[in-house]
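Comments concern the structure below.
The values are calculated or read from the model by the stated rules, or taken from the named source; none is laboratory data. Here the structure is a predicted model, which means the values were calculated and not measured. Neighbour counts are summed over all protein chains in view; Cβ atoms, including those assigned to glycine, are modelled from backbone coordinates with ideal geometry.
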Amino acid sequence: MILIVDSGATKSDWIALDSEGNQLFLTQTLGLSPEVLTREVIEDRLANNFELSKNREAVTHLYFYGAGCGTDRMKSFLGEIFKDFFPNSKNEVREDTYAAIYATTKIGHQGIVCILGTGSNCSYYDGHQLFQKVTSLGYIVMDDGSGNFFGRKLIRDYYFHKMPQDLGIKFAKEYQLEADVIKENLYKQPNPNTYLAKFARFIIENKDHPYCRGVIDKGFQQFVNNCIMQFELATKVPISFVGSIAYFLQDELKTVLERNDLIVGVIRQRPIDGLVEFHKETI
């Protein structure tokens, strides 16, 4: 049994294939980002999934693409957990950028591939290798244009009274915005980046409001300036995206890209389908 996993900060999609590439099951766990979770939490999330627990000894190969897996230390950390949980499996842990590449860009083709979901990332792919000029420092100081970026912006503007009154009233009706609740989730609960990203749903649902249009436009322009334009070939190769923010705000994203003379590539909500097709070719 082969397991293919696309793991973001919020959730992880798991697809099991047999030796001929037929799908055996599809399941989901909460995100397994090694940068923000302890070994115990990750082990619990694996053990509490019925399909994974039932088939743990039948897995022969695990291909895991995850947020927070860009360093050797994080790859080794997760690899040890998977080695214990799937005792008969050969495991490969790679950063989620590779999932985005395999889902949007054909082998041998150049392109810039971006992630705009709970977090954000940007890489150049020359058709064979991945190149990054900036090492991500995570949601606190980076992640421009991401779900947690927009969530943080909404909370700040609400508390600094910069959000229009009509929108502020609506925002307060949909979320618990008491200071104690927000601080509890940001500083005492796991996955504060995921917590912030939940607020991004509001900006998607109200994207036609002038305030939201402005926030979205500025957020995407900041992502273009800081992430995409770092590459010299930025205006000469397709720019592809995966992630819910890119998918649900793709019209707004395309407007910003075209304004900057950038070529719009593929935009997918989830890379898992493209990943499956990629790995089927290698079975």
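What the table below lists for this structure:
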quantity: When residues of the range 230-247 are limited to those that are of a type in the set (Ser, Thr, Tyr) and part of a helix (DSSP H, G or I), the one surrounded by the most Cβ atoms within 10 Å (Cβ to Cβ); calculated: Ser244
quantity: Close pairs (6 angstrom Cβ cut-off, 6 or more residues apart or separate chains): among the small types (Gly, Ala, Ser) in the range 48-71, surrounded by fewer than 21 Cβ atoms within 10 Å (Cβ to Cβ) and assigned to a loop (DSSP other than H, G, I, E, B) anywhere; calculated: Ala58/Met1; Gly68/Glu35
quantity: Condition check for Thr104: under 28 Å from Phe241 (Cα atoms), at pLDDT below 95, hydroxyl-bearing (Ser, Thr, Tyr) and out of contact with any Phe, Trp or Tyr (no Cβ under 9 Å at 6 or more places or on another chain); calculated: no
quantity: Those residues of the range 175-189 which are surrounded by fewer than 15 Cβ atoms within 10 Å (Cβ to Cβ) and under 24 Å from the mean Cα position of the chain (by Cα), in sequence order; calculated: Lys183, Glu184, Leu186, Tyr187, Lys188, Gln189
quantity: Extreme residue, nearest to the chain's Cα centre (by Cα), among residues of the range 33-55 that are within 24 Å of Gly274 (Cα to Cα) and at pLDDT 95 or above; calculated: Leu46
quantity: Selection count, the range 43-67, where residues are over 20 Å from Thr135 (Cβ atoms), part of a loop (DSSP other than H, G, I, E, B) and of a type outside the set (Lys, Arg); calculated: 7
quantity: Complete set of residues in the range 29-42 that are surrounded by fewer than 17 Cβ atoms within 10 Å (Cβ to Cβ) and not in a loop (DSSP other than H, G, I, E, B); calculated: Arg39, Glu40, Val41
quantity: When residues of the range 68-121 are limited to those that are among the acidic types (Asp, Glu), surrounded by fewer than 24 Cβ atoms within 10 Å (Cβ to Cβ) and outside any strand (DSSP E or B), the one farthest from the chain's Cα centre (by Cα); calculated: Asp84
quantity: Test: Asp166 is farther than 24 Å from Gly243 by Cα and either more than 15 Å from the chain's Cα centre (by Cα) or at pLDDT below 95 (or both); calculated: yes
quantity: Among (1) of a type in the set (D, E, K, R); (2) touching a residue at least 60 places away in the same chain (Cβ under 8 Å); (3) over 28 Å from Thr38 (Cβ atoms), the one test that Asp144 misses; calculated: (3)
quantity: Residues that are assigned to a strand (DSSP E or B), touching a residue at least 60 places away in the same chain (Cβ under 8 Å) and not aliphatic (A, V, I, L, M), drawn from the range 11-28; calculated: Asp13, Gln23
quantity: Checking Lys218 against (1) in a loop (DSSP other than H, G, I, E, B); (2) closer than 27 Å to Arg201 by Cα, the condition it does not meet; calculated: (1)
quantity: Search result, residues across the range 236-283 that are of a type in the set (S, T, N, Q) and touching a helix residue (DSSP H, G or I) at 6+ places or on another chain (Cβ under 9 Å); calculated: Ser240, Ser244, Thr255, Asn260, Gln269
quantity: Residue in the range 192-201 that is in a loop (DSSP other than H, G, I, E, B), at pLDDT below 95 and either touching a Gly at 6+ places or on another chain (Cβ under 6 Å) or within 30 Å of Asp273 (Cβ to Cβ) (or both) present; calculated: no
quantity: Complete set of residues in the range 248-273 that are surrounded by fewer than 21 Cβ atoms within 10 Å (Cβ to Cβ), under 19 Å from the mean Cα position of the chain (by Cα), in a loop (DSSP other than H, G, I, E, B) and not charged (D, E, K, R); calculated: Gln269
quantity: Search result, residues across the range 125-136 that are farther than 17 Å from Pro271 by Cα and either buried (at least 19 other Cβ atoms within 10 Å of the Cβ) or under 13 Å from the mean Cα position of the chain (by Cα) (or both); calculated: Ser136
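Yes/no per residue for (1) under 19 Å from Gln269 (Cβ atoms); (2) modelled with pLDDT of 90 or more:
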site	(1), (2)
Arg73	no, yes
Leu78	no, yes
Ile81	no, yes
Asn88	no, yes
Val93	no, yes
Asp96	yes, no
Ile112	yes, yes
